[in-house]
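Just so it is clear, none of the values below were taken in a lab; they were calculated from the coordinates. Given the structure is predicted, the values throughout are model-derived calculations rather than measurements. Glycine gets a Cβ as well: all are built from the backbone with ideal geometry, and neighbour counts include every protein chain shown.
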Amino acid sequence: MTEPGKAFSHSPPHYVVLPRYTHSMFLNWLKYRFHPQPAPTLKAIYIASGAGKPMQSINAVTAVQDRGLQGDRYHDDTGHWQLLDGCQVTLITDYELKQAGKRSDVKLDDGGHRRNLLVAGIRPKHLEGKRFSIGEAVFAYHKPRPPCGYIDGVSSPGMGRTLSHYSGICIRVVQTGLVQVNDPIVILGPEKQTK
């Protein structure tokens, strides 16, 4: 409201100019918000019968509580890292493989990454500290799974460097159940702490 005796004046509109990176972040948010991503899904299952043995692609497997995937080296206590740093089950995402693929020409498909489960539609950080189901089995996040030099010898030279920060995670089986390719991944809540 203007004071008596003074002309009414409009101030120019105020525009906020966003930095370019903020603008692109906003556009990505809009894209995600209005074009929801597909539900997280299991895309592939790989097991190896022993340390250094080739990874085999299978369509279904039983995840056994506190053991791993039936028929896999870590379930059967024949994995290379079993005594020092074994994981019951390893999981990698398609996002991680895409990022790793930008770094190298090393072949990342057909289980060359030496991880058991390949999932799509979710990033590892969304599984940290969580329990989640895949098919009938329930899993819990355990820890990151960094690559090692051993993987170069049993897979492809340069695989460890290619995977680098995109090498997947270790998960524990907390409830036995059948897991099949195309099963949905459902977050069940925070991981239950055991003493």
What order do you get for 68-74, 52-58 when each peptide is scored by the mean count of other beta carbon atoms within 10 Å, highest first?
68-74, 52-58
Ranked ARG67, ARG115, ARG145, criterion: other C-beta atoms within 10 Å, fewest first:
ARG67, ARG145, ARG115
Nonlocal amide H pairs with GLN88, under 5 Å, H built at 1.01 Å
ILE171
If the limit is 27 Å between Cα atoms, which of LYS98/LYS125; LYS43/LYS130; LYS125/LYS192; LYS31/LYS143 go over it?
LYS31/LYS143
A chain fully extended from SER49 to GLN99 at 0.36 nm per residue, minus the present Cα-Cα distance, gains in nm 15.2 nm
